[in-house]
Amino acid sequence: MKKSYVDIWIRWLPLAILLFSSFYLIIVFYLSWQIDFRQAYVRGVSEWTNQFPVSIFWLHINREGFLTENLQWLFLWLTFFIGIICYSRLHKTYQINLKYGVLLFTIGVFLMILEDMFNIRHILANKIIAINTEGHALSIEVSNSIIRTLVEVSFYSIIGAIMLLAFIKLFFLSRLSTKTKYYLFSGYGFYAIASIASATRHIGDWYVVTGKYILDKLLVNNVAAYNPDSIMFSIHPLSYYFMDHLVEESFELMGSTLLLGAIIYILITVIDGPS
């Protein structure tokens, strides 16, 4: 049967979204290199960057709740709603692994949205730290790092367990195309790296150490207009935010992009019906 234009468009949509996110990140990295490390003037973007006390492009374009993270949230919400549509079409069928795989996947994505938008793990860690500080249960200097790491690892483990079970149910289904599995595997991979990095970032302050090493390599002959060791943004040194904002957010954007592509391919499979 001849495919309609809408059908063809939907089948190309995952690739289009992937190309969009890839192009967006290339632009962000290119502008960061030009403005922050070469001190080049980019009309419009340089003016926008200079309005902030700390005039660093990558720091603000990737900050909490701004453009890069908003794109992640948009893609995750779309993934969640498409997951609901898939499950609504599957819930009365006997395709057990596909049905419950989609259900677990959708639940996991919803928990990811709640955590990313409301920073639940940080709220929980802060409450535990406040109790510990009041009771002097541990050395304050050491305990904050330990508590945050334990809370984040525990929180991510719960979400990870749900998503892993969904992955097992979906990835080995013969009905799903190779493209679907590629997007699914890659999306999980990007998020796994970002989650493990985020959960362990307080161990040895490796975000700060790694960020400083990279910035030192990029700041050839002190070309940039700032020194990572002398600038504090919020409560962390600049090198921390290089890892947290530019690197981690980039991984999460690619992860959300690929998960959205995977669920679109799954929706196509569901619409096409049993093979």
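Coordinate-derived values only; no laboratory data. Model, not experiment: these values are computed from the prediction. A quick note on method: Cβ atoms are made from the backbone with ideal geometry, for glycine too, and the neighbour counts reach across all protein chains shown.
Using the structure shown, decide if Ile35 is of a type outside the set (Asp, Glu) and more than 24 Å from the chain's Cα centre (by Cα). Answer is yes for this residue.
Note down all Cβ pairs under 8 Å where the first residue falls in segment 8-25 and is under 15 Å from Thr68 (Cα atoms), the second is among the small types (Gly, Ala, Ser) and surrounded by 17 or more Cβ atoms within 10 Å (Cβ to Cβ), and they're at least six residues apart or on different chains. Filtered contacts from segment 8-25: Ile17/Gly261; Leu18/Gly261; Leu25/Ser250. For Leu71, the stated conditions hold: it is buried (at least 17 other Cβ atoms within 10 Å of the Cβ) and within 13 Å of the chain's Cα centre (by Cα). Listed by position, the helices (runs of 4 or more DSSP H) inside segment 1-61 whose residues that are among the small types (Gly, Ala, Ser) and surrounded by fewer than 18 Cβ atoms within 10 Å (Cβ to Cβ) number at least 1 are 5-31, 45-50. Residues in segment 140-177 that are exposed (fewer than 15 other Cβ atoms within 10 Å of the Cβ) and within 19 Å of the chain's Cα centre (by Cα): 4 in all. The lone criterion from (1) assigned to a helix (DSSP H, G or I); (2) under 17 Å from the mean Cα position of the chain (by Cα); (3) surrounded by 20 or more Cβ atoms within 10 Å (Cβ to Cβ) left unmet by Thr180 is number (2).
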